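Participant: Take this structure first; my questions come after.
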Amino acid sequence: MNLDELKEMINKDLAIDRSKLSHESAHNPLLYTKYVHIRSEIGLEIKKAEIEKKQVATQRWLYYSGKGGGKVSPIEYSQAELKRVMESDEAIIKVDKKLILLDIQRELVDEAVKAFNMRNFTIRQIIDWEKFTQGSI
């Protein structure tokens, strides 16, 4: 799921239908759990991407340092140059971009989990306000 789809899903799920407050209140724990599960799935993807980055970085280091058993860089680099070349390697940058996106998704879902936690309070306040305006309180 991409970032825009995640944002759209969160916005849709956070919306409160004032005509179905009882249903919204009962449904909120399910939505909360849904996003806790999404957060754990994203956390797992982050761990996998971190492992992938280590593997890619090792492979690229072997290539650039000339210590790989197969294909090696035709250019010899000093330690300082090697660090710079590694930072700009496309394969490493690709994994870094993946990690950045996953981290943003995790932050978004963390905030959504907090919002769903507060959503029950908001629903309760709406119910109390409607009781008050109808003279029930």
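Participant: Being touching a helix residue (DSSP H, G or I) at 6+ places or on another chain (Cβ under 9 Å) and loosely packed, with under 14 Cβ neighbours inside 10 Å is the filter; apply it to the stretch 21-32 and report the residue that is farthest from Ala112 (Cα to Cα).
Facilitator: Per the criteria, the residue is Ser22.
Participant: Another question, then. Conditions first: (1) under 20 Å from Asp103 (Cα atoms); (2) surrounded by 13 or more Cβ atoms within 10 Å (Cβ to Cβ). Ile51 passes all but one, so which condition is the exception?
Facilitator: Looking at each condition in turn, Ile51 falls short on (2).
Participant: Quick check: anything in the stretch 39-49 of a type in the set (S, T, N, Q) and within 30 Å of His23 (Cβ to Cβ)?
Facilitator: In the first step, residues of the stretch 39-49 are kept if they are of a type in the set (S, T, N, Q); the result is 40.
Add one more test, that the residue is within 30 Å of His23 (Cβ to Cβ), and what stays is 40.
Yes.
Participant: Go through the stretch 76-119 residue by residue and tally those that are outside any helix (DSSP H, G or I) and either of a type in the set (Phe, Trp, Tyr) or closer than 21 Å to Leu30 by Cβ (or both).
Facilitator: Of the residues in the stretch 76-119, the ones outside any helix (DSSP H, G or I) are 76-78, 88-89.
Next, only the ones that are either of a type in the set (Phe, Trp, Tyr) or closer than 21 Å to Leu30 by Cβ (or both) stay: 77.
Number satisfying all stated conditions: 1.
Participant: Right, next: Check the stretch 61-79 and report whether any residue there is surrounded by 12 or more Cβ atoms within 10 Å (Cβ to Cβ) and of a type in the set (D, E, K, R). Reasoning before the result, please.
Facilitator: So the first thing to find is which residues in the stretch 61-79 are surrounded by 12 or more Cβ atoms within 10 Å (Cβ to Cβ), and the list is 61-66, 68, 72-73, 77.
When the remaining residues are screened for being of a type in the set (D, E, K, R), the result is none.
No, the stretch 61-79 has no match at all.
Participant: Does Thr122 satisfy being loosely packed, with under 12 Cβ neighbours inside 10 Å, of a type outside the set (Gly, Ala, Ser) and assigned to a helix (DSSP H, G or I)? So that I can check it myself, show each step before the final result.
Facilitator: On the way: loosely packed, with under 12 Cβ neighbours inside 10 Å: no; of a type outside the set (Gly, Ala, Ser): yes; assigned to a helix (DSSP H, G or I): yes.
No: the conditions fail for Thr122.
Participant: Which one is farthest from Arg106 (Cα to Cα) among residues in the stretch 1-28 that are part of a helix (DSSP H, G or I) and small (Gly, Ala, Ser)?
Facilitator: Within the stretch 1-28, the first condition is being part of a helix (DSSP H, G or I), and the residues that meet it are 3-14, 18-28.
Applying the additional criterion that residues be small (Gly, Ala, Ser) yields 19, 22, 25-26.
On the way: Ser19: 32, Ser22: 30, Ser25: 25, Ala26: 26 Å.
Filtering the stretch 1-28 for residues that are part of a helix (DSSP H, G or I) and small (Gly, Ala, Ser), the one farthest from Arg106 (Cα to Cα) comes out as Ser19.
Participant: For the stretch 33-52, does any single residue satisfy the condition of being farther than 24 Å from Leu108 by Cβ, without any contact (Cβ under 8 Å) to a residue 24 or more places away in the chain and either part of a helix (DSSP H, G or I) or under 22 Å from the mean Cα position of the chain (by Cα) (or both)?
Facilitator: So the first thing to find is which residues in the stretch 33-52 are farther than 24 Å from Leu108 by Cβ, and the list is none.
Among the residues of the stretch 33-52, not one is farther than 24 Å from Leu108 by Cβ, without any contact (Cβ under 8 Å) to a residue 24 or more places away in the chain and either part of a helix (DSSP H, G or I) or under 22 Å from the mean Cα position of the chain (by Cα) (or both), which makes the answer no.
Participant: Just checking, which of Ile100, Ile92 is modelled with pLDDT of 95 or more and exposed (fewer than 15 other Cβ atoms within 10 Å of the Cβ)?
Facilitator: Just a single option satisfies the conditions, and that option is Ile100.
The values are calculated or read from the model by the stated rules, or taken from the named source; none is laboratory data. Just so it is clear, the structure is predicted and the values come from calculations on it, not from any experiment. Using ideal geometry, Cβ is built from the backbone for each residue, glycine included, and neighbour counts are taken over all protein chains shown.
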